[in-house]
Amino acid sequence: MVTFAKRNQSLGRSRASRIRTRLAVASVIVFGAFGLGAATTPASADMPAAACLWAGAGYVPGSTVYAGGLAFSCHTDTFGAPNWIARSAQGHRSTVASPGSVRNPFGQFSPGARQPGTAYNDYCVGSQLIDGSEDLFEVVSAGGSQLWRSVGPVSQWTFDAESVKPAPTWRSASLCIDGVLT
């Protein structure tokens, strides 16, 4: 009887251990899939893990940069992930580079950063080509990754005298086949 009780107790611990392991793996998968709690890698080794990125440069929480007539303040969210909060700053010169949304923002911009659109943001609706340079885009987290999301017309962005406006797209509607840009 003692042997049977010890065996059941031992099996109970193994089962509990397996359940805890499965729960831990599931939580990593779930939190990783939704990008919760994951901080963006800083641009340099001496920046803290919670640094906000702007055009590849890291800024510590509490920093403010100016671009496109807006002030962007670096903060961390409730999970410790860095993000930019935008507010109006009309008349203030840009203090950071604004290359436009020329490629995937991951590793270059933290969520909340905004950039004028480029041909990178072109897409199709049916056989109609939508020119990405006509919109203003903001970085958002999605499924453990980051992407550009349109937040309004590019007219909401103030271009400094030395800033270069993104060129209209080089693509044509002939590249739209069944709503897909080819």
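Values computed for the structure shown
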item: Amide H contacts of ASP77 (H built 1.01 Å from N, under 5 Å, at least 5 apart or other chain); result: ASN83
item: Efficiency of FRET between TYR66 and VAL102 - r from beta-carbon atoms, R0 22 angstrom, step 0.05; result: 0.60
item: Paramagnetic reach from SER163 (point 7 Å along Cα→Cβ, amide N under 18 Å) across the stretch 100-140; result: 100-103, 109-110, 112-121, 132-139
item: Placed amide H near GLN146: partners under 5 Å, 5+ positions off or other chain; result: PHE106
item: Rounded Å value of the spacing that divides the Cα centres of the stretch 152-182 and the stretch 71-116; result: 20
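Every read-out reported here was derived from the displayed coordinates using simple, explicitly stated rules and does not represent laboratory data. No experiment lies behind these values; they were computed from the predicted model shown. FYI the Cβ positions are ideal-geometry reconstructions off the backbone, even for glycines, and counts take in every protein chain you see.
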